[in-house]
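*Asks:* Pasting a structure here, questions to come.
The values are calculated or read from the model by the stated rules, or taken from the named source; none is laboratory data. Quantities reported herein were computed from a predicted structural model and do not represent experimental measurements. Neighbour counts run over all protein chains shown; Cβ positions are idealised from the backbone, glycine included. Just so you know, the surface numbers come from the protein's heavy atoms only, side chains and all, with ligands and any DNA or RNA stripped out. Shrake-Rupley method; radii C 1.70, N 1.55, O 1.52, S 1.80 Å.
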Amino acid sequence: VVNTFMFKMKLIFLLFINILFHNTATAQKITLVADPWCPYNCTLDSNFKGYLVEIAELAFSNHNINVDYVIMPWARAIKSVLEGKSDGIIGVGKKEVPQLIFPTQELGIATHIFYTKNDFNWQYSGVTSLHDITLGVIRGYSYGELDNLYISCLLNTSDAADEHKGVQ
């Protein structure tokens, strides 16, 4: 496992603020959004919803609140919660969207690992080793410290692609 890091996973329950200030009898449904990231939260047609979705459903069912789990692209999910269109997001880290409310206890841990083809003789040995490869990432996703050290710099610099093979 190379350049792994742990970041706290969580279910963001913005509804807790509402529970503190409103009568819970009026709240019958909350909307939690995410893009599929099984086993944390899976696709809607899967036999397994994902353990974070199941935890949310169990926690809120104790208060007679139904969970509406909606799949959408990651950047749109974050925007939806920040704009108040959705109540919470599943599987986001504190550094990714620090203005949200997080539980004190994480519900999961993610580790980032580099994968290559079997016949590709490359190993991660620090940020400079990335200059020799093309790194595929998904815009809007969090890649921990690698975001700050490498990815964000390349995505925000117009001539970075000329200097390195870069990020795609």
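*Asks:* If I ask for residues that are among the acidic types (D, E) and within 20 Å of L82 (Cβ to Cβ), which ones from region 29-68 would you list?
*Replies:* If the condition is that a residue be among the acidic types (D, E) and within 20 Å of L82 (Cβ to Cβ), then D35, D68 are the ones that fit.
*Asks:* As an exercise: evaluate M9 against (1) modelled with pLDDT under 50; (2) exposed (fewer than 12 other Cβ atoms within 10 Å of the Cβ) and give the number of the one condition it does not meet.
*Replies:* With (1) modelled with pLDDT under 50; (2) exposed (fewer than 12 other Cβ atoms within 10 Å of the Cβ) applied to M9, the lone miss is (2).
*Asks:* Hey, can you tell me all the residues within region 121-149 that are within 17 Å of G93 (Cα to Cα) and among the aromatic types (F, W, Y)?
*Replies:* Y141, Y143
*Asks:* Of everything in region 47-73, what is out of contact with any strand residue (DSSP E or B) (no Cβ under 7 Å at 6 or more places or on another chain), surrounded by 12 or more Cβ atoms within 10 Å (Cβ to Cβ) and hydroxyl-bearing (S, T, Y)? Give them in sequence order.
*Replies:* Of everything in region 47-73, just one residue is out of contact with any strand residue (DSSP E or B) (no Cβ under 7 Å at 6 or more places or on another chain), surrounded by 12 or more Cβ atoms within 10 Å (Cβ to Cβ) and hydroxyl-bearing (S, T, Y), namely Y51.
*Asks:* Which residues, taken from region 74-110, are open to solvent by less than 70 Å² (accessible area, probe 1.4 Å), part of a loop (DSSP other than H, G, I, E, B) and closer than 20 Å to V137 by Cβ?
*Replies:* Across region 74-110, the qualifying residues are G91, V92, G93, E96, V97.
*Asks:* So the check is Cβ under 9 Å with 6+ separation or different chains; which pairs have a first residue in region 34-60 that's part of a helix (DSSP H, G or I) and a second one that's of a type in the set (S, T, N, Q) and exposed (fewer than 14 other Cβ atoms within 10 Å of the Cβ)?
*Replies:* Taking only residues 6 or more apart or on different chains, the pairs are E57/N66; F60/N66.
*Asks:* Please work out which residue is surrounded by the most Cβ atoms within 10 Å (Cβ to Cβ), limiting yourself to region 123-145 and to residues that are more than 24 Å from the chain's Cα centre (by Cα) and part of a helix (DSSP H, G or I).
*Replies:* Here the residue is S129.
*Asks:* Next question, about the same structure. Would you tally the residues in region 21-37 being surrounded by fewer than 17 Cβ atoms within 10 Å (Cβ to Cβ) and modelled with pLDDT under 95?
*Replies:* Counting residues in region 21-37 that are surrounded by fewer than 17 Cβ atoms within 10 Å (Cβ to Cβ) and modelled with pLDDT under 95 gives 7.
*Asks:* Would you point out the residue of region 111-122, among those that are open to solvent by 70 Å² or more (accessible area, probe 1.4 Å) and over 24 Å from Y51 (Cβ atoms), that is nearest to the chain's Cα centre (by Cα)?
*Replies:* K117
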